[in-house]
Each structure stands twice: as C-alpha cells, then as structure tokens.
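The values are calculated or read from the model by the stated rules, or taken from the named source; none is laboratory data. Given the structure is predicted, the values throughout are model-derived calculations rather than measurements. Here the Cβ positions follow ideal geometry from the backbone for every residue, glycine too, while neighbour counts run over all protein chains shown.
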Amino acid sequence: MNLSTNLGEIKKLARMFVYLDIQSTEYSPLIVKHPFTDSGVVAYRTDDGGIAQADITADPAALKLWQEEKLRQIKEARTPHEISFMVTKSYSLAFLKYAAPHLSSQDLSEMLADVWVRTESPNNDPNMSKNRLLSLFKKAQPQFLMNEDEYDEFQALDNTVTVYRGVTSHNAKNVKALSWTLSYDTADWFAHRFGEDGTVYEAQIDREHIYAYFNRRNEHEVIVDPKHLMDITEAETMEQTGAITL
C-alpha cells in the first residue's frame with residue numbers, strides 16, 4: 001500500500017475521464033451518462049468570464065468550453081477527494097478502480113467509504129467485480145473507513161453476527177452480496193420498495209469476516225465476505241414469529 005497519494009496520477013486519470021464520450025439515454029439531452037455530468041444541458045464559463053448554458057451533446061463549441069472548465073477544476077484540486085466528489089455516482093466506482101493504485105491507505109479507505117455510501121446498488125456495479133470490491137475493503141483501514149460512531153459499533157460486534165438482506169426480482173440472484181444489514185426492518189424495506197414483493201434472507205457470519213459497518217443512511221449496513229455466510233435462510237416475518245407491535 002502506498003504511503004502517500006500520487007495526486008498527479010489521480011489528476012491524469014480524471015483528465016482522461018473528461019474526454020470520455022457522453023452516453024445518451026432515452027431522456028437525452030436532459031439525462032445522460034458521463035463521469036462529470038448527468039445532464040447534457042450544462043452551465044459553463046465563456047471566454048469572457050460569463051456563464052452560459054448549452055446542450056453539449058449538440059454543440060461542439062460548448063462541449064469544448066465545458067471540458068476546459070472541468071480540466072481547470074481538476075488542475076486546481078488540492079486533494080483526491082475533491083476530484084472524486086466531482087465524479088458522478090454512476091462512474092464513481094469506475095474512477096476508484098483506476099485511482100486505487102495511486103492512493104495512500106488513508107485516502108483509499110476514506111474514498112472507498114464515500115463512494116460506497118453514495119453509489120446506488122454498488123453490489124451490482126458493472127465497473128467493479130465483487131472480488132475486486134472485497135479486496136479493497138480488506139486493504140482499507142477500519143479507522144479511516146468508518147466514522148467514529150460506526151467504528152465503535154463495528155468494534156462492539158459479537159463474535160458471530162446475525163445479518164439480513166432484502167432482495168427483489170431485480171437482484172434475486174445476488175443474495176450472496178457484500179452488503180447486508182443488522183436490521184430486519186431495513187432488509188424488509190429493501191425487499192418491498194417500489195411495490196415489489198421481495199424476500200428477506202437471514203444468515204450468520206463470524207465477526208472476522210465483516211470489514212465495515214456503515215450507518216450514514218440509517219441502514220445499519222455491514223460489508224461481509226459472502227463466501228463465509230452461514231445458514232442462509234428466508235427470514236421469518238413478524239406474523240410468523242408471533243411478535244406483537246403496538
């Protein structure tokens with residue numbers, strides 16, 4: 001693991017991402033996919049210092065000015081985190097994948113936590129395999145991966161922990177994922193969001209195979225090595241256990 005971050009290499013990588021093609025969607029140009037914008041209609045700085053708005057998917061001149069603005073922001077960035085925050089959610093794991101070899105242990109840990117928490121469905125991201133993600137969590141330093149409260153909860157975990165995972169028809173084949181939760185209610189919410197009739201699974205795992213605890217979205221999430229999950233079964237509902245709620 002690097003003792004210090006090579007910010008120059010991170011900036012070089014970011015500049016390459018600026019020049020990636022803008023991917024259209026059915027809602028283009030309002031919604032597009034690109035490492036530095038989720039919309040083809042952007043504001044950018046003009047040559048005279050003013051601010052203009054244009055569709056950069058249809059205006060090559062505006063695209064060039066917008067790219068130059070992004071390059072300026074990258075050049076002025078003082079930390080890798082400033083650059084990472086510029087990258088859109090859908091590309092943040094891809095950026096981390098290529099940035100990781102140039103990051104110090106602390107920067108990798110902090111950036112991994114931020115990217116993981118703000119990325120939608122990171123378990124299913126096509127840019128990063130499950131094994132690659134797990135290897136990053138294993139390399140991360142827990143004291144930098146989690147905030148103080150999360151780290152305290154992490155250290156207080158029992159030797160064997162009961163975890164839950166809620167899946168729907170969209171991710172039913174991905175039960176053995178990295179992301180589980182200590183909360184049945186959280187898993188149940190994921191199993192039934194968007195009106196889905198999903199399933200909540202329950203499993204056991206030894207504490208040594210848990211690499212992080214995140215609660216920044218009040219989800220009581222734990223990152224586990226799925227190879228070591230034990231006794232995976234469908235969890236009983238409140239009605240099945242006979243629990244009474246008031």
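General observations
- Counting only helices (runs of 4 or more DSSP H) that sit completely within region 1-111, those holding 2 or more residues that are of a type in the set (Lys, Arg) and surrounded by fewer than 16 Cβ atoms within 10 Å (Cβ to Cβ) correspond to 7-18, 60-76.
- Of the criteria (1) farther than 18 Å from Glu234 by Cβ; (2) assigned to a loop (DSSP other than H, G, I, E, B); (3) over 23 Å from the mean Cα position of the chain (by Cα), which one Arg216 fails: (3)
- The residues in region 115-130 that are over 23 Å from Arg193 (Cα atoms) and of a type outside the set (A, V, I, L, M, F, W, C) can be counted, and the count is 3.
- Selected residue (only one of Leu13, Leu30, Leu20 is among the hydrophobic types (A, V, I, L, M, F, W, C), more than 21 Å from the chain's Cα centre (by Cα) and assigned by TED's automatic domain parsing to the domain that holds Asn127): Leu30
- Boolean, Ala187 is within 16 Å of Leu145 (Cα to Cα), surrounded by 19 or more Cβ atoms within 10 Å (Cβ to Cβ) and assigned by TED's automatic domain parsing to the domain that holds Thr160: no
- Exactly one residue out of Leu108, Leu96, Leu71, Leu65 is in the same structural domain as Asn124 (by TED's automatic domain parsing), more than 24 Å from Asn123 (Cβ to Cβ) and touching a residue at least 40 places away in the same chain (Cβ under 8 Å), and it is Leu71.
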